[in-house]
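Step one of this worksheet: look at the structure below.
The values are calculated or read from the model by the stated rules, or taken from the named source; none is laboratory data. Quick caveat: nothing in here was measured; it's all calculated off a predicted structure. Every residue, glycine among them, receives a Cβ derived from its backbone with ideal geometry; neighbour counts consider all protein chains shown. To get the accessible areas, we keep the full protein, side chains included, count just its heavy atoms, and leave off ligands, DNA and RNA. Shrake-Rupley method; radii C 1.70, N 1.55, O 1.52, S 1.80 Å.
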Amino acid sequence: MSIVSLMLLAAMASSCIQLCCRRCSGLLRSKITVQYSTQAQHCTAVLTASSRVSNGSSFLAGICAASHTRQRWRQQMCFYSEHKAKPLTAEANRYKDAEELSGSDVVAYKNRLQNATDSLPVTDSQVTLDVDAAKSLSALEEISDEEAVSISVPSALPPATTSLRDYVDKSETLSKLVQLGVNLWKLEQRPNVGSMLLKLDFQTDVAPRLLFLKDIGVEDSRLGYILSTNPFILSEDLENLRTRVNYLRSMKFSSETVASMVSRAPYLLNFSVKRLDNRLAFYQQQLGLSTWKTRDVVARLPRLLCGSLEPVKENLKVCQIELGFKENEIQHIVVTVPKVLTANKKKLTQIFDYLHNTMKLPHHLIVKFPQVLNAKYLRIKERHLFLQYLGKAQYDPTQPSYVSLDRLVTLPDDTFCTDVASATLQDFHLFLKTL
Amino acid sequence: MTTPCIRMFRRLEGLFCVYKPPGVHWKHVRDRIETSLLTGVNGTPQRPLPQVVKFLAQPGAGNDGSSELTLSAASVPVLASHPLVSGPEFQRIPVAVGHRLDAFSSGVLVLGVGNGNKALSDFYKTPATRDYTLEGEFGTATDDFSHTGRVVERSTYGHITQDKLERVLAMLQGANQKALLMYSNIDMRSQEAYEMAVQGLLGPEGKSAPILKGLRCVRFEPPHFTLEVQCLNESQKYLRKVVHEIGLELRSTAVCKVVRRTRDGVFTLQDALTHHHWTASDVMGAIQQYHSSKKLRKSPHTQTKDPTIQSRGEDKKTESQQSEISEETAVSTVLHTLPVH
């Protein structure tokens, strides 16, 4: 093990830390509390350094790091606040505890830094003391293994950076999030999300909320997706989250439905009960549907409750005025294909224009198969032109060799070619090149 | 250090062509191809994360102070290299477009990936011609010369015969031939001019007005007609204007319904990928095909300056005819196999 201690010594760049171990034990005894109070004012400037050192020491001490780092952090905080009040003897007592050994090194290191930077509190006698002490030490001096292990290595964490990559190995929250499957790379590109995630503590902030999500029934595999899309769920108050889930349950959504809604629309639980209530009322009133049907529509497309209502109102107007559907027809379309409410208006009108004016489909036929309004325009066009070329573009159910619209749109290419068009896939691709 | 992603990207470098469907902007085509290539390249199986050795002291031993410390070495993965933290390996792939096609037209669109973009700029500068198929309809004239524009004029077309159409086309071809000789900047009375004309190398260098090197009528069923064009330095709007002018010359009006590029340099319709085949593996296949055909082309034609122009000068019309015929036979076989109704 002495080899290990020597290795550690060699690895460390700063022999000054070793120096400060020696010296500061002497310094602390000789210092007066006045200096501690003045140094305590600078505590904010050195907090980053202390966090580095504390993390380094915790790494050396043990990998069950969470509790250790927090304890150490709190000890340091206590240290700073108690510096002004407690006498030195109380601090000297702490040194007996082996865990505090690294803590004292931390404090000592901080004091060392402050001595280096401050000009005011350092007296001449101290400076001379430092110089004398430095001469008597050497880097090749053998120390015991415990001392070697407890020498804290300052880790090179940058105080400010643009990427979470620099912190992920040292931060417990971030490493656990990566193991869950959260896409940190995407999240750090959003403004302020990176710093918010860093400030979270895993045990007090993240874990309770993840357990809450598990309780409502969200699967573990979806947690990564939910957090990648909506990291702000981790800063939402737990009480609020519970109230909102209870509200949804009171509106007769079953537990599985609530779980599936949350997994598909991660922002759902960030909205207040009032807003959710407002949305549900709007859909029920505007569409004129029964409660059961509204619940069904919202359960299938939960992001209806998340986004703004203006585009939905515009889409309804488009369906009514531009496309010329009647009330009951719109109701049927929305219940079958809720996505029409959030579709792009230009694309919707383009598809409808092609269906009605080029393919000559009457309204009642489109209402019978609303999936066509959800399909891609290019797909409908290519397949229709292919059938037209083969002479099979017959969409009237009353006439023979009728092609139903849902088969035209939903079948995959090879099935469409063989069943509907009675041709091969190569023929279809060759035909596409003649368009 | 080459990862599987980089190796796959190296195999993707080169030129290939796609079939751009009508009504789609060429930029959307380019973006869609870039996304599909990125998913293909980033989808290769990841290497395992690099490991780092950390020395961990047993928590019990450290507190005693007296007994020997037992340090255990643990190999821990470095999470900073995980793709969820550092992002995918490839975030952009340089995909460039050759001669552009406007949204109304369709046809062969040449794209280059990575190192192929250098070949693309050379390809862009060579005076290679392009083949187009123009479908027109007599009877209307619109403001943007296509059937989707605002109708400006309507006229009768009963008096048009194929003979009159051929005469107009011949007149146009003659005018274009004169323009070709004028833009080629060579004294017509020299031996050099004759030799170049024999090889088909006469042509403008760099930018010039659009020139139609070949023009003929393939199908004539009034009011519909189809033309085949070989041209240089053209734009698709110019070609629609040509159809409009043909209508005017015939004392009627015409609009262009389809502008379809069937060949761009050495890339023909047969090599073009339809949008079902815009995946990384299909594109890789097309690029490898291009590389192998390039080697074949280089070996027999070592003497001539520009093998593409030479082969094209000889078989300009037959190539396009062949591609048309092969297409039509392929589709007509489909028709024949269907039950008569």
Q: Pull up all non-local amide H partners of A:Gln394: gap of 5 or more, or a different chain, and H-to-H distance under 5 Å with H placed in the peptide plane.
A: A:Val403
Q.
Could you derive backbone 3J(HN,Hα) for the range A:329-346 from the dihedral phi with the Karplus parameters 6.51, -1.76 and 1.60 (θ = phi - 60°), listing whole Hz in sequence and x where the residue is Gly or Pro?
A. 5, 4, 4, 5, 4, 5, 5, 7, 10, x, 5, 4, 5, 10, 6, 6, 5, 5
Q) According to a simple spin-label model (label point 7 Å from Cα along Cα-to-Cβ), what is the distance in nm between B:Lys27 and B:Gln162? A) 4.5 nm
**Q.** Hz values of 3J(HN,Hα) by residue in the range B:138-147 - Karplus curve (6.51, -1.76, 1.60), Gly and Pro given as x
**A.** 7, x, 10, 10, 10, 6, 10, 6, 10, 6
(Q) As an exercise, use a Förster radius of 60 Å and the Cβ-Cβ distance of B:His276 and A:Glu147 to find the FRET efficiency, rounded to the nearest 0.05. (A) 0.30
Q: Quickly work out the A:Glu310-to-B:Thr2 label distance, labels modelled 7 Å from Cα along the C-beta direction, and quote it in nm with one decimal.
A: 5.3 nm
**Q.** Centroid-to-centroid separation of the range A:340-394 and the range B:128-145 [C-alpha atoms, Å]
**A.** 27 Å
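Could you state how much accessible area is buried at the A-B interface, both sides summed, with a 1.4 Å probe, in Å² to the nearest 100? Spell out each step's value before the answer.
Working: alone 23450 and 19420 Å², together 39130 Å².
It comes to approximately 3700 Å² buried between A and B.
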Q: Read phi for every residue in the range B:181-193 and hand back ³J(HN,Hα) as whole Hz from Karplus 6.51 cos²θ - 1.76 cosθ + 1.60, θ = phi - 60°, with x for Gly and Pro.
A: 5, 5, 6, 7, 6, 10, 5, 5, 8, 9, 5, 4, 4
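Working out 0.36 nm times the residue gap between A:Leu385 and A:Phe212, then minus their Cα-Cα distance, what length gain in nm do you get to one decimal? Don't jump to the answer; show the numbers that get you there.
Working: separation 173, 0.36 × 173 = 62.28 nm, distance 5.31 nm.
Working it through step by step, the gained length comes to 57.0 nm.
Partner chain Cβ atoms within 10 Å, averaged over the residues of A:175-184 - can you pull that number for me? Intermediate results must be reported in sequence, preceding the final value.
Details: counts 6, 0, 3, 5, 3, 1, 1, 2, 4, 6.
Partner-chain Cβ atoms within 10 Å, mean over residues of A:175-184: 3.
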Q) Taking the Cα centre of each part, how many Å lie between the range B:270-302 and the range B:177-228? A) 29 Å
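Under the 0.36 nm per residue contour assumption, what length would be gained going from the current alpha-carbon distance of A:Glu172 and A:Lys346 to full extension? Walk me through the numbers before you get to the answer.
On the way: separation 174, 0.36 × 174 = 62.64 nm, distance 4.74 nm.
Between A:Glu172 and A:Lys346, full extension yields an extra 57.9 nm.
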(Q) Per residue, how large is the accessible surface of the range A:327-435? Use a 1.4 angstrom probe and give square angstrom. (A) 47 Å²
Q: Could you tell me what percent of the DSSP beta bridges with both partners in the range B:129-264 are antiparallel, to the nearest 5?
A: 95 percent
